[in-house]
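Every read-out reported here was derived from the displayed coordinates using simple, explicitly stated rules and does not represent laboratory data. Keep in mind that this is a model prediction, so the values were computed, not measured. Quick reminder, even Gly has a Cβ in these numbers, built from the backbone with ideal geometry, and neighbours come from all protein chains shown.
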Amino acid sequence: MASFRYKTFGYAAPSAGARLQPFSFERRALRPNDVAMEILYAGVCHSDLHWARNDWGWSNYPVVPGHEIVGRVIAVGPEVTRFKAGDHVAVGCMADSCQHCDQCRKGEEQLCREGNTMTYGGLDRITQEMTHGGYSKHVVVRQEFVLRVPDGLDLSRAAPLLCAGITTYSPLRTWGIGPGSRVGVIGLGGLGHMAVKLAAGLGAQVTVMSRTPDKKADALALGADRLLVSTDLDAMAQAANGFDLIIDTVPNKHDLNPYLPLLDVDGTLVIVGQVGPLDEMSSVPLLLGRRRVAGSPIGGIAQTQELLDFCARKNILPETETIRMDEINEAFERMERSDVRYRFVIDMASLTEPAEATL
């Protein structure tokens, strides 16, 4: 077992609103149940942008973003039984949790009663050091939070499954979506396009909801059965009571009222995009139709492994654009303009070591 700290390097946000820049830092020495990996690919999530700019008001700095991580094992602690050097592995939004509360014991670590340790911007449960994410060359994570990348899954495209994928797969599984289910997806960005692919892969009838008809061809190509224009009042009226589940992927404040009548009795609209306030909502369609509005974070580790295995079997992958590490600031700007179809992935082979950093 390595007893030394890993000197590594990446890109960090030094302060709110600042451009990401090269950053040298250390990873912890391997604990008995730790896995050290070289990062091969890192997905770029909208959460990374929000955190870098402190949009939610709880960011800490400097921070290395990135919680969609695909890599190769380079070392393991003596108690690690699940992985060995050379294995292709992945890490998502969590790096640790208490492991003993009721939620952790049933595989819902994302709902840990003590709070899970985020892959970046969190605090190590033992040292209280701030965690740093996947925009870096190496990462060290306890084996319980390391996922196996199935053979046949394209490593260069798989990273967004670790956040965008599980964020949309989890509600599909929670609400029992399968053949014959009627699923609506609001928005066709990074989250939305994964919701479409996964719902279709589960056998559901899938409808994309968009303010304009411009995305119809894209929606159908991704596996949707149709596109519903939310500004077309006649079309929306005809679609009333037509959905068992609506996944709302819109990442900013918006109005839910037009979508609530689309739910059938006992139908659910689940919010996975916006973190924060929404427009005022009427309870009338909820009361009269026994409908629900819910929220859903990511899934637990077992469910995330289930997702990776499912995607390998079904050959479901995100639509991605590969970028170099030094293009991250431009990628953030493009992401703000919705100028990506549909996720950026950083090829970490492009990350060059600063002169002062050594491993």
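Considering only DSSP beta bridges where both residues belong to the chain, give the percentage that are antiparallel (nearest 5). That works out to approximately 55 percent antiparallel.
Model label sites at residue 58 and residue 314, defined 7 Å from Cα along the beta-carbon direction, differ in position by 3.1 nm.
Treating each Cα of the range 165-295 as one equal point scatterer and applying the Debye formula with no solvent, the log10 of I(q)/I(0) at q = 0.15, 0.22 Å⁻¹ comes out as -0.62, -1.46. Along the chain, counting only chymotrypsin sites (Phe, Trp or Tyr not before Pro) with a DSSP assignment other than H, G, I, E or B and at most 14 other Cβ atoms inside a 10 Å radius, the longest segment between sites is 59-359.
Mind checking the dipole of the chain: about its Cα centre, +1 per Lys or Arg Cβ, -1 per Asp or Glu Cβ, Debye to the nearest 20? List each step's numbers first, then the result.
Numbers: 36 positive and 43 negative charges, 111 e Å.
The calculated dipole for the chain is roughly 540 debye.
Contour minus end-to-end for residue 286 and residue 220, with contour as 0.36 nm per residue of separation and end-to-end as the Cα-Cα distance? Don't skip to the end; give the middle numbers.
Details: separation 66, 0.36 × 66 = 23.76 nm, distance 3.01 nm.
Full extension from residue 286 to residue 220 adds 20.8 nm.
Between residue 240 and residue 126, the distance separating the two model label sites (each 7 Å from Cα on the Cα→Cβ line) works out to 6.0 nm. Whole-percent P(r), the chain, all Cα pairs, 20 Å bins from 0: 30, 57, 13, 0.
Available extension along the chain between residue 31 and residue 338 is 106.4 nm, counting 0.36 nm per residue and deducting the alpha carbon span.
Note on the chain: Lys pairs 8 or more places apart or on different chains, Cα atoms under 28 Å apart, count 15.
For the range 282-359, count the residues as N, evaluate 2.2 N^0.38 Å, and divide the Cα radius of gyration by that value, please.
On the way: Rg = 20.1 Å, N = 78, 2.2 N^0.38 = 11.5 Å.
Taking the Cα Rg and dividing by 2.2 N^0.38 Å, one obtains 1.74.
Residues of the range 230-253 with an amide N closer than 17 Å to a point placed 7 Å from the Cα of residue 274 along the Cα-to-Cβ direction: 230-231, 246-253.
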